[in-house]
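**Student:** The structure is given below, and queries will be raised subsequently.
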Amino acid sequence: MEQRVNIEQSQPEVWKAMYALSGAVSKSALSAIQKHLIMVRTSQINSCAFCLNMHTKEALKAGETQQRLFVLSAWKETTLFTEEEKAILALTEEVTLITENGVSDSTYKQAEKFFSAKMIGEIIMSIVAMNAWNRIAVSTHMPLGE
C-alpha cells in the first residue's frame, strides 16, 4: 500500500497540535495499562495497522500480557479484565462507534462507579485523541515503521 499525503509535512502546525493534544492526554492519571487498553482497542475497532503495531508493542513493554492482547477484541467474553477495565473498554467502544448509539447511560453510569468526573474526562479525551490518530494513519496509509 502506497503512503498518501504526509500530514506531518503538509500540515506541520496541525501535526504539532495533535502532538500537543497527545502530550496533554499522556499526563492522565490513568495507568499505563489502562492507556494502552484504550489505544489498542480503539485501533482494533478502526482497523489501524500502524497504531496496532505501535501500541501493542508498547503495551507489552508496559507489562500487558500477550494473552490479554490476544483476546482484547472479545473482552466481554472473558474474565481476564477487571470490572474497572471493562468500564473503560465499554466507554472506548461507544465513543469510537459514537454514530451507532452514542454513549449509553448504562455505560456512563458504570464508568462513574470507578472514576471521578475528571477521570472520565481523561478517558474520553484519550479515546478522542486515539481516534484522531487512527483516522490520520488509516486515511494516509501510514507505513508500519517496523
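The values are calculated or read from the model by the stated rules, or taken from the named source; none is laboratory data. These numbers were taken from a predicted model, which means no experiment stands behind them. In this analysis, Cβ positions are derived from the backbone assuming ideal geometry, glycine residues included, and neighbour counts consider all displayed protein chains.
**Student:** Which fully enclosed helices (runs of 4 or more DSSP H) of segment 59-115 have 3 or more residues being among the aliphatic types (A, V, I, L, M) and either over 14 Å from M39 (Cα atoms) or at pLDDT 95 or above (or both)? Before the answer, list the steps.
**Tutor:** Details: elements: 66-71, 83-96, 98-101, 105-114.
So the answer is 83-96.
**Student:** Suppose we filter S47, S43, S28 for residues that are of a type in the set (G, A, S) and more than 15 Å from N134 (Cα to Cα); which single one remains? Full working, then the answer.
**Tutor:** On the way: S47 fails: more than 15 Å from N134 (Cα to Cα); S43 fails: more than 15 Å from N134 (Cα to Cα).
Just a single option satisfies the conditions, and that option is S28.
**Student:** Return the only residue of S73, S104 being under 30 Å from R4 (Cβ atoms) and surrounded by 12 or more Cβ atoms within 10 Å (Cβ to Cβ).
**Tutor:** Details: S104 fails: under 30 Å from R4 (Cβ atoms).
Going through S73, S104 in turn, the sole match is S73.
**Student:** While we're looking at this one, here's another question. Go through segment 1-44 residue by residue and tally those that are among the basic types (K, R) and either loosely packed, with under 15 Cβ neighbours inside 10 Å or in contact with a strand residue (DSSP E or B) (Cβ under 6 Å, 6 or more places away or on another chain) (or both). Write out each step before concluding.
**Tutor:** Step one: list which residues in segment 1-44 are among the basic types (K, R), which gives 4, 16, 27, 35, 41.
Pick out the ones that are also either loosely packed, with under 15 Cβ neighbours inside 10 Å or in contact with a strand residue (DSSP E or B) (Cβ under 6 Å, 6 or more places away or on another chain) (or both) and you get 4, 16, 27.
Count: 3.
**Student:** Would it be correct to say that E112 is farther than 26 Å from Q9 by Cα and crowded, with 18+ Cβ neighbours inside 10 Å? Talk me through it step by step, then tell me what you get.
**Tutor:** Details: farther than 26 Å from Q9 by Cα: yes; crowded, with 18+ Cβ neighbours inside 10 Å: no.
So E112 does not fit the description; no.
**Student:** Next question. Every residue in segment 118-146 that is of a type in the set (A, V, I, L, M), over 12 Å from I38 (Cβ atoms) and free of Cβ contacts under 8 Å to residues at least 40 places away in the same chain, please. Write out each step before concluding.
**Tutor:** Residues of segment 118-146 that are of a type in the set (A, V, I, L, M), as a first pass: 119-120, 123-125, 127-130, 132, 136-138, 142, 144.
Going one step further and asking which of them are over 12 Å from I38 (Cβ atoms), we end up with 119-120, 132, 136-138, 142, 144.
Once the filter is applied, which keeps residues that are of a type in the set (A, V, I, L, M), over 12 Å from I38 (Cβ atoms) and free of Cβ contacts under 8 Å to residues at least 40 places away in the same chain, segment 118-146 yields only I120.
**Student:** F115 - would you say it is in contact (Cβ under 8 Å) with a residue 40 or more places away in the chain and aromatic (F, W, Y)? Step through it out loud before you land on a result.
**Tutor:** Working: in contact (Cβ under 8 Å) with a residue 40 or more places away in the chain: no; aromatic (F, W, Y): yes.
Considered against the rule, which asks whether it is in contact (Cβ under 8 Å) with a residue 40 or more places away in the chain and aromatic (F, W, Y), F115 comes out as no.
**Student:** Are any residues in segment 1-50 assigned to a helix (DSSP H, G or I) and among the β-branched types (V, I, T), and if so, which ones?
**Tutor:** We begin by selecting, within segment 1-50, every residue assigned to a helix (DSSP H, G or I); these are 7-10, 12-26, 32-45, 49-50.
Across segment 1-50, the qualifying residues are I7, V14, V25, I33, I38, V40, T42, I45.
**Student:** Would you say S47 is on the phi > 0 side of the Ramachandran plot, surrounded by fewer than 12 Cβ atoms within 10 Å (Cβ to Cβ) and not basic (K, R)? Lay out the reasoning, then the answer.
**Tutor:** Numbers: on the phi > 0 side of the Ramachandran plot: yes; surrounded by fewer than 12 Cβ atoms within 10 Å (Cβ to Cβ): yes; not basic (K, R): yes.
Here the answer is yes, as S47 does meet what is asked.
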